[in-house]
1. Taking 7 Å along the Cα-to-C-beta vector as the label spot, tell me the K125-T87 distance in nanometres, rounded to one decimal.
2. Quick one: 3J(HN,Hα) in Hz for the stretch 165-180, Karplus 6.51/-1.76/1.60 with θ = phi - 60°, rounded, Gly and Pro as x.
3. List, in order, the whole-Hz ³J(HN,Hα) value for each residue of the stretch 73-82 obtained from phi through the Karplus relation with A = 6.51, B = -1.76, C = 1.60 and θ = phi - 60°; use x for Gly and Pro.
Amino acid sequence: MADLNSSEYEGEESAPESAFRGPLAPVLALFLTFVVVGGTADLIMDRPATLWSWHVAFEAVMVLVSLTFAIVLFTGWRRSAGALRQTHATLAATDHALATREAERDRWRRTAEEALAGFARAIDKQFDAWQLTRAEREVALLILKGEGHKQAAAKLGRSERTVRQHAVEVYRKAGLQGRAELAAFFLNDLILPGGGSPERDAAESKSGVWQ
């Protein structure tokens, strides 16, 4: 509703200003200037005997009104042209900023994808060294992602008991004591944003958060 009202207000506000945009305003100002010059020349050439006559008054009013409107139109046109140039400059700066942000985002995405691909290859290589089966790999990856046994069983379509057995076998082959040491094995040297740490994950594991 607020957006609708604001758009209506902007439309009402821009309607009178539209008269100052485009070539119409300077053309009208030029025409009115000719009217002023013509009226003034007519008064001079008529050489009225007295200035206090209806003809002189009419000509004078026409000249003053035309001159006033010519000044208003020309001033409004200049102001609108300046505002339009400023708007174009603002839009150009905004487009440049958006393009810069998109380029930064794309660079970060490529860097992150390359880093994650390298990390995934390193994990897979270590799983090969531990001689994990395909089922054990799947469970180990879900554990590394922070999934509990119940959540891993639901995602893999297996029973929770089977998942626990696979996890125990992973820990045995790796020579680790549990999920905390498994996470620390791969993540201990990583800088985790937001203050995360394997030690905190271990504490959550012991308290049953991931069960």
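Read the figures in this text as sums done on the coordinates, not as results from a lab. This structure is a prediction, so every number in the text was calculated from the model and none was measured. Every residue, glycine as well, gets a Cβ built from its backbone with ideal geometry; the counts of neighbours run over all protein chains shown.
1. Reported label-point gap for K125 and T87 is 5.8 nm.
2. Karplus values, whole Hz, x for Gly and Pro: 5, 4, 5, 4, 5, 4, 4, 5, 5, 7, x, 10, 8, x, 5, 5.
3. For the stretch 73-82, the Karplus curve yields 5, 5, 5, x, 5, 4, 5, 5, 5, x Hz.
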